[in-house]
Amino acid sequence: MFIETEPTPNPATLKFLPGRPVMAEGTLDMRDAAGAERSPLAQALFSIEGVSGVFFGADFLSVTKAGGDWAQMKPAILGAIMEHFTSGAPLLEAGHAAPAAYGADGDEFFDDADTDTVDTIKDLIETRVRPAVAGDGGDITFKGFRDGIVYLKMKGACAGCPSSTATLKSGIQNLLKHFVPEVHAVEQI
C-alpha cells in the first residue's frame, strides 16, 4: 500500500492520501482523543505523541500536531494508517453512525424569507469552495445567514490555519459577494 503525503497551508497539518476511500459520505473532525472514541484509526493516531487533531474526508485524512517534528511523527502516522487499511477494520466502530452529510452537522440558522439566497450560497460552497478546501486537507460547512453575513465552519487543516482568515475574506467572501448581492460579509464560527 502506498500512502501519499501532501503539505497543507496549515504548517501544523499534513494531508495523507491512502489511495482508497476514507469516508463514504460526510466528513469527521476530531479535535481531541475523546472525540476519537468511535474510530479505531483515530484512536491509533491520537496515541502518537504530538497528534492533536484528526480529520477524515472522502479520500484523505489530515493529521494536526500540537508539537513535535513531522520527520519523527510521520513514520508512526503512516504505520498507523497502513495497519488500519490493510487490516480491513471499519473506520467507525459498530453502533456509531456515520457523520451527517454536508450541511447537516448541527443547527443552521437563517430566516425563511432567505431560503432562495441560502440555497444559492450552499450551491456555491458545495461546487466551488468545498473542492478547493478539501484539496488543502479540510472542509467547510454552511452554518447560517443573517443580516447579509454568511457564517461558515472550517474543519480539518483549515481549522486554526494561519491563512484561513485570508481564505475566508479574500476568496470565499469575494466569490459569494460576486454571485449573491445579498452577501455583505463572511464570518467563521
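The values are calculated or read from the model by the stated rules, or taken from the named source; none is laboratory data. If you're wondering where the values come from, they're calculated on a predicted model, not measured in any experiment. Here Cβ is always computed from backbone atoms with ideal geometry, including for glycine, and neighbour counts include all displayed protein chains. Ligands, DNA and RNA are excluded from the accessible area calculation, which covers all protein heavy atoms including side chains. Shrake-Rupley method; radii C 1.70, N 1.55, O 1.52, S 1.80 Å.
A cut-off of 5 Å between modelled amide H atoms, ignoring neighbours fewer than 5 places along the same chain, links LEU28 with PHE56. How much of the accessible area of segment 4-87, probe 1.4 Å, is carbon plus sulfur, in whole percent? For segment 4-87, the apolar C and S fraction of the accessible surface comes to 51 percent. Its residue count N fixes a reference of 2.2 N^0.38 Å for segment 112-188, and the Cα radius of gyration divided by that reference is 1.01. The amide H of VAL150, built 1.01 Å from its N in the peptide plane, has HIS184, ALA185, VAL186, GLU187 as neighbours under 5 Å, considering only residues 5 or more places off or on other chains. The long axis of helix 115-124 is offset from the longest Cα principal axis of the chain by roughly 40 degrees.
A Förster distance of 22 Å, applied to the separation of the beta-carbon atoms of THR120 and ALA33, puts the FRET efficiency at 0.05.
For the chain, lysine pairs separated by 8 or more sequence positions, or belonging to different chains, with Cα-Cα distances below 28 Å total 28.
Our compactness index for the chain, the C-alpha radius of gyration over the empirical 2.2 N^0.38 Å, is 1.07.
If you place +1 on the Cβ of every Lys and Arg, -1 on the Cβ of every Asp and Glu, and leave all else neutral, what size is the dipole of the chain about its Cα centre, to the nearest 20 Debye?
Numbers: 15 positive and 26 negative charges, 126 e Å.
Dipole size: approximately 600 debye.
Between GLU182 and ALA113, the simple label model (points 7 Å from Cα in the Cβ direction) yields a spacing of 1.0 nm.
Kindly rank 175-187, 127-139 from highest to lowest mean number of other beta carbons found within 10 Å of each residue. Provide the component values of the computation, followed by the final result.
Working: 175-187: 15.9, 127-139: 19.1.
In decreasing order of mean packing, 175-187, 127-139 become 127-139, 175-187.
Using the Cβ of LEU14 as centre and a radius below 10 Å, the other residues enclosed give a net charge of +2, where K and R count +1 and D and E count -1. Each peptide among 1-13, 26-38 gets the average number of other Cβ atoms lying within 10 Å of its residues, and from highest to lowest they stand as 26-38, 1-13.
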